[in-house]
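First comes the structure, then the notes that go with it.
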Amino acid sequence: MVQSNHTHAPRPVPSPYTGRQDIDLDVVREMLSHFTYNDHEEAQELILSACQEINEHFGWVSPEAAEIVAEHLGTTTTRVFAILTFYADFRTEPRGHHHMLLCHGMSCYVMGSNKLVQTMKDTYGVADGETTADDQMSVQVANFCLGVCDRSPVVKIDDEYHGHVTPESLTELVNRAIEGKHSMQENEATHG
Ligand code: FES
């Protein structure tokens with residue numbers, strides 16, 4: 001369930017991140033073929049769910065995918081983009097190979113999460129919603145609790161939670177995640 005940027009209601013933790021993904025438009029068409037409707041009104045009600053499904057599958061919704069949604073549901077790409085930018089959980093750019101959810105909920109805030117936000121800016125040049133220049137790490141600052149306050153401040157990198165994080169341990173965690181990706185790439189290159 002996506003939540004509006006314009007509400008302070010608690011938000012669910014996003015579904016597990018499976019790495020950077022390019023959007024296969026044939027897969028998008030196949031997904032949309034399951035969205036059937038009887039009239040224009042019903043079609044309009046399906047726009048949000050269609051975008052949500054694409055976003056959950058690929059981690060983002062490209063302009064081309066938005067265009068296909070618009071065509072399929074008889075609306076304009078502008079309207080689809082208005083929805084994508086209204087809800088905080090939608091992304092209109094691909095994430096990096098790794099994704100960090102940096103908890104900025106009350107307990108983590110009290111325990112110094114803003115130092116972690118600052119470390120990401122100072123060391124890697126990334127703020128909330130941005131991806132490092134080498135496409136390795138995307139950062140999302142979560143203004144909601146990740147549910148493990150006893151380990152505040154908390155960051156989640158890909159599917160793993162890390163607690164009691166300090167600026168020093170944060171850079172270690174980021175470097176380790178990025179290096180892991182590099183060695184995987186080297187392995188793939190070596191073993192074809
Ligand atoms: S506020 Fe960060 S885990 Fe609860």
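Read the figures in this text as sums done on the coordinates, not as results from a lab. Keep in mind the model is a prediction, meaning the values are calculated, not measured. Glycine also receives a Cβ, built like all others from the backbone with ideal geometry; neighbour counts cover every protein chain displayed.
With viscosity set to 0.692 mPa s and temperature to 37 °C, compute the Stokes-Einstein D of region 13-122, Rh being the Kirkwood radius across alpha carbon pairs; µm²/s, no decimals. In µm²/s, the coefficient is 211. When both region 18-79 and region 121-172 are represented by their alpha-carbon centers, they are found 29 Å apart.
Ordered by the count of other Cβ atoms within 10 Å of each Cβ, fewest first, Thr131, Thr75 give Thr75, Thr131. For His99, the residues whose amide H sits under 5 Å from its own are Ser138, Asp158, ignoring neighbours fewer than 5 places away on the same chain, with H placed 1.01 Å from N.
Sorting the segments 108-121, 31-44, 90-103, 163-176 by their residues' average number of neighbouring beta-carbon atoms within 10 angstrom, most packed first, yields 90-103, 108-121, 163-176, 31-44.
Considering only Cα atoms, the convex hull volume of region 98-191 works out to 83 Å³ per residue. Only Cα pairs under 8 Å and 6+ residues apart enter the sum, and on that basis the relative contact order of region 25-86 stands at 34 percent. Backbone phi angles across region 96-102, fed through the Karplus curve with coefficients 6.51, -1.76 and 1.60 (θ = phi - 60°), yield HN-Hα couplings of x, 5, 10, 10, 10, 9, 9 Hz in residue order; Gly and Pro are listed as x.
For region 25-86, the Cα-based Rg and Dmax, in that order, read 10.3, 29 Å.
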